[in-house]
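Bear in mind these aren't lab numbers, they're just calculated from the coordinates by the rules spelled out. Everything numeric here is computed off the predicted structure, so don't read it as measured data. Glycine also receives a Cβ, built like all others from the backbone with ideal geometry; neighbour counts cover every protein chain displayed.
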Amino acid sequence: MKLDRKKRLIRVSSGALALCAAASVAACSAPASAEGSLSFGDPQAPQLSPGTLITAHNLTESAALPSAAKNERITYMSQSASGEPILVSGVVAIPKTPAPAGGWPVISWAHGTTGVADACAPSADTPAGPVHDYLSVVDQTLDQWVSSGYVVVQTDYEGLGTPGGHPYMNGTSAANTVTDIVRAARQVDDQVGKDWFAMGHSQGGQAAAFTSEIGKDRAPELNLKGAVSIAPGNGTAQIPAMVASGNEAMAGGVPFVPVILLGVQAVDPSVVPEDLLSDQAQPLLEAARTGCLAAVRAVPAVPVAQIFREGADLTALTANLNEQELSTVTPKVPTLFAQGTTDVLVSVASTSGAVKDYCAKGSDVEFKTYEGADHRGAIAASYNDAMDFTSRMLAGGEVNPGAC
C-alpha cells in the first residue's frame with residue numbers, strides 16, 4: 001500500500017500505544033477493539049514484530065532530501081541491545097524516478113556521532129539545529145543517492161528522539177535499527193524493493209560493519225546485497241584508559257568521553273558516569289545529557305589528567321566497549337571500506353587493520369582511500385566508488401580484488 005495521506009493511522013496494541021505516548025508521537029491510535037497488552041513478538045501481535053511501521057507523516061524540514069518525491073518521518077518497532085521492544089524514529093525518502101522491476105533498491109544510512117540526547121536525532125534536524133553542520137554535509141551525498149533511484153532510509157538509532165537512553169557505539173542495537181527501518185519503509189510505499197545496502201559513516205560505519213554480519217540473518221525476507229563502511233569508528237575501548245593515563249594527546253577525544261559513558265550506561269546501569277568522572281569533569285556529563293557533541297565541546301577545557309577520578313574502576317566500561325570493536329565482526333556480505341587519508345578521528349591504520357582482519361577471516365571486502373579527505377570529506381569522496389560497488393552487487397557481480 002502507498003501512504004499518501006499526511007498521517008497514517010495503524011492498528012497497534014496497548015503496549016505500542018504506551019511507547020508512542022512516551023515519545024509524544026503524532027498519528028498513533030488504535031481502534032476500540034485493540035487487543036490488551038501483548039508481548040513483543042507474540043504470534044497474536046504480528047504488528048509488533050521488528051520493522052512494524054507505527055507512524056508516518058510528511059517531512060518538509062531540513063531532514064528531508066530535496067530530490068525525493070516524498071519524505072516521511074516515521075516511527076517503527078525494533079529491538080534494543082538486550083532484545084527488548086523499542087520504538088525508533090527515522091526518515092524514508094522515496095525517489096522521483098520510476099521504480100524498476102522488483103522495486104527501488106534501498107540505502108539504509110547509519111549516521112555518525114551526533115550525541116546521546118534526544119535533540120541529536122537527525123530526523124529532527126532544523127537549519128539552526130545542534131547537529132545541522134554535520135547533517136547538512138551528509139545530506140548532500142544522500143540526496144545524490146535518492147536522485148539516482150535509490151530509496152534512502154535513515155534511522156535515528158535506539159534512544160535518539162524516542163524513549164530510553166542511546167547505547168552509543170553498540171553494534172547490535174545499531175544493526176537492529178538499520179535493518180528494521182528497511183522493513184518499515186516497505187510499508188510506506190509498496191514499490192520499495194527487497195534489495196538493500198547498509199551504509200554509514202563514523203559511528204554509522206561501525207553500524208554498517210555490524211549489519212554486514214547480522215543483517216542478512218535478521219531479515220531473511222529481504223536481500224542484503226552488501227555494506228559500505230566509511231571511516232568506521234573503532235578502538236573506542238582504548239579511549240577511557242588513554243584519557244585516564246593523562247596523555248595530553250587525547251585532548252581531542254575528551255568530548256567523546258561523556259558520550260561513551262552515557263552510551264554504555266544505557267546498556268549496563270552498573271556503569272555510573274558520575275562515579276567515574278572527576279568533579280571538574282561533571283559539566284561535560286551534563287552537557288552530553290542535554291546537548292549534542294558541539295555542546296560538549298563548548299564546555300571549558302578540563303586537563304586530560306583530571307577527567308577521571310583517581311582510581312576510577314574502568315573494568316566494566318572497557319569490557320562493554322571491547323564487545324563493540326570491529327575485530328568482533330565477520331562480514332557475511334560484500335563490504336566496501338572507505339577512508340580519508342587526513343582523517344584525525346579515525347586513522348587509515350585503524351580501518352586498514354580491520355580490513356586485513358576481515359581478509360584473514362575470508363570475508364569479501366574492498367578498501368578505498370581518498371588522498372587529502374578528512375573525516376567528513378570521505379563521505380562525498382567515496383560516493384562514486386560506493387555507487388560502482390552497489391551497482392555491481394545489484395547486478396550479481398563480485399568484489400574487486402586488491403584489498404586482500
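Considering only the other residues whose Cβ falls under 13 Å of the Cβ of Ala117, what net charge follows from Lys and Arg at +1 and Asp and Glu at -1?
-2
How big is the chain by Rg and Dmax over its Cα atoms, in Å?
Cα only, the chain: 20.4, 62 Å (Rg, Dmax).
If Lys and Arg each add +1 and Asp and Glu each add -1, what is the summed charge of the other residues whose beta carbon sits under 13 Å from the beta carbon of Val259?
Around Val259, the charge tally is +1.
In the chain, which longest range has no trypsin sites (Lys or Arg not before Pro) that are both DSSP loop (not H, G, I, E or B) and surrounded by at most 14 other Cβ atoms within 10 Å?
Formally, the longest exposed-site-free interval is 97-360.
Which ³J(HN,Hα) values in Hz, rounded to whole numbers, follow from the phi angles of the range 77-86 under the Karplus curve 6.51 cos²θ - 1.76 cosθ + 1.60, where θ = phi - 60° and Gly and Pro get x?
Per-residue couplings from phi come out as 8, 8, 10, 6, 4, 9, x, 7, x, 9 Hz.
Which of Leu224, Val348, Ala378 sits closest to the plus end of the dipole of the chain, meaning its Cα is farthest towards the positive end, when Lys and Arg get +1 and Asp and Glu get -1 on the C-beta?
Leu224
What is the gain in length, in nm to one decimal, between Thr330 and Ser82 on full extension, counting 0.36 nm per residue of separation less the C-alpha to C-alpha distance?
The Thr330-Ser82 span can extend by a further 87.2 nm.
What is the sum of charges around Ser78, taking Lys and Arg as +1, Asp and Glu as -1, for the other residues whose C-beta is under 13 Å from the C-beta of Ser78?
The answer is -2.
How high is the FRET efficiency between Ser245 and Ala101 when r is their beta carbon distance and R₀ equals 41 Å, given to the nearest 0.05?
0.10
Could you give the nm distance between label points at Ser278 and Ser352, where each point is 7 Å from its Cα heading toward the beta carbon?
About 3.6 nm, to one decimal.
Each residue of the range 307-314 in turn: what ³J(HN,Hα) in whole Hz from Karplus with 6.51, -1.76, 1.60 and θ = phi - 60°, glycine and Pro shown as x?
Per-residue couplings from phi come out as 6, 9, 5, 4, x, 4, 8, 9 Hz.
Could you check the spin-label model distance between Cys359 and Thr341? Points 7 Å from the Cα along Cα→Cβ, value in nm.
1.8 nm
So, in nm, how far is label Ala380 from label Thr126 when the simple model puts each one 7 Å beyond its Cα toward the Cβ?
Taking the simple label geometry, Ala380 and Thr126 are separated by 2.7 nm.
Work out, step by step, the length gained on full extension between Asp313 and Gln191: first 0.36 nm times the residue separation, then minus their alpha carbon distance; give nm to one decimal.
Extending this stretch completely gives an extra 38.7 nm.
Would you mind checking the pairs Lys225/Lys361; Lys70/Lys356; Lys70/Lys361; Lys332/Lys368 and listing those with alpha carbons more than 31 angstrom apart?
Listed pairs above 31 Å: Lys70/Lys356; Lys70/Lys361.
Report the full-extension gain for the segment Ala395 to Arg297: residue separation times 0.36 nm, less the Cα-Cα distance, to one decimal in nm.
Fully extending the segment from Ala395 to Arg297 adds 30.8 nm.
With N residues in the range 257-307, what two-decimal value do you get for its Cα radius of gyration over 2.2 N^0.38 Å?
Dividing the Cα Rg of the range 257-307 by 2.2 N^0.38 Å gives 1.07.
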